[in-house]
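Written out below as structure tokens is the structure these notes cover.
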Amino acid sequence: MSPSRHTFKLNGKQTTVEAEDDVRLLWVLRDLLGVTGPKYGCGLGVCQACTSHINGKAFNPCSVPVSKIGPDDEITTIEGLPATVGKDLHPMQEAWLDLDVAQCGYCQPGQIMAAVAKVRQAAAEGHDITDADLDEIRNICRCGTYTRIREAIKAGAEKM
């Protein structure tokens with residue numbers, strides 16, 4: 001089988017890449033496009049280290065073949081998140097630094113992307129982020145910094 005052309009929006013820019021249809025989007029991002037923020041953890045969508053956004057919602061590119069991504073789909077990785085006027089970092093990233101969340105740091109891009117999506121979902125539903133919302137975030141942190149992660153999400157949410 002020869003590679004197919006796949007076009008989608010990546011971090012605000014229209015992108016076209018040649019890849020086999022069954023290649024998972026995570027490998028297209030990392031290996032073909034050099035976007036390394038989404039991390040490989042399990043390849044099954046369980047650990048959620050690769051969490052990114054598709055059309056504003058959290059998803060795991062390790063579980064999605066590139067053929068399922070269409071030209072109108074907008075993929076946002078941690079590299080595309082700081083789209084905040086006059087700021088180098090997104091408010092959630094700033095909260096992560098302020099509260100010294102990371103230990104090894106491997107899961108942090110996925111954690112932040114999941115947090116931003118959850119805060120946006122809560123806002124769309126008309127409420128502030130709650131502990132019940134935070135309980136729905138299932139990203140795994142091998143270092144166990146969940147208390148600081150939850151505190152940072154609440155702090156970041158206040159500035160979003």
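The values are calculated or read from the model by the stated rules, or taken from the named source; none is laboratory data. Bear in mind the structure is a predicted one, so any value in this text is a computation, not a measurement. Positions of Cβ are backbone-derived with ideal geometry, glycine not excepted, and every protein chain shown enters the neighbour counts. These area figures cover heavy atoms from the full protein model, side chains too; ligands, DNA and RNA do not enter into them. Shrake-Rupley method; radii C 1.70, N 1.55, O 1.52, S 1.80 Å.
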Taking the Cβ of Lys9 as the center, what net charge do the other residues with Cβ under 14 Å away carry, scoring Lys and Arg +1 and Asp and Glu -1? -3
Cβ under 15 Å from Gly43's Cβ, Gly43 left aside: what net charge do those residues give with Lys, Arg +1 and Asp, Glu -1? +1
Which trypsin sites (Lys or Arg not before Pro) in region 51-160 pass both tests, a DSSP loop state and at most 13 other beta-carbon atoms within 10 Å? Lys87, Arg138, Arg142
Compute the Cα gyration tensor for region 64-160, then decide on rounded, prolate or oblate, letting a ≥ b ≥ c be the square roots of its eigenvalues: rounded whenever a/c is under 1.5, prolate when a/b is larger than b/c in the other cases, and oblate in all that remain. rounded
What number of lysine-lysine pairs in region 38-160 show an alpha-carbon separation below 15 angstrom, given a sequence spacing of 8 or more or placement on distinct chains? 4
Quick one: how many Å² of Trp27 are accessible to a 1.4 Å probe, rounded to 10? 90
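What length, rounded to one decimal in nm, is gained on full extension from Asp98 through to Arg5, with 0.36 nm per residue of separation minus their alpha-carbon distance?
Extra length available between Asp98 and Arg5 comes to 29.3 nm.
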Given a 1.4 angstrom probe, what's the average accessible area per residue across region 28-160, in square angstrom? 51
Selected from Leu89, Val23, Gly12, residue furthest toward positive end of dipole (region 1-113; charges at beta carbon): Val23
Please state the charge dipole magnitude for region 77-160, taken about the Cα centre, from unit charges on C-beta atoms (+1 on K and R, -1 on D and E), reported in debye and rounded to the nearest 20. 200
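Rounded to the nearest 20 debye, what is the charge dipole size of the chain about its Cα centre when +1 sits on each Lys and Arg Cβ and -1 on each Asp and Glu Cβ?
Working: 17 positive and 21 negative charges, 39 e Å.
Here the size comes out at about 180 debye.
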Using the charge dipole of the chain (Lys, Arg: +1 at Cβ; Asp, Glu: -1 at Cβ; taken about the Cα centre), state which of Ser2, Cys47, Ala132 has its Cα farthest towards the positive end. Ser2
Local charge sum around Gly110 (other residues, Cβ-Cβ under 11 Å, Lys/Arg +1, Asp/Glu -1)? +2
Can you list the residues of region 89-133 with backbone N under 17 Å from a point 7 Å past the Cα of Tyr40, pointing along Cα to Cβ? 106-107, 110
Quick check on the chain: helices-only [θ] at 222 nm, where DSSP H runs of length 4 and up contribute -39,500 (n - 2.57) each and the sum goes over total residues. Nearest 500, please. -8500 deg cm²/dmol
Length gained if Asp88 through Thr147 is fully extended, taking 0.36 nm per residue and subtracting the Cα-Cα distance, is 18.7 nm
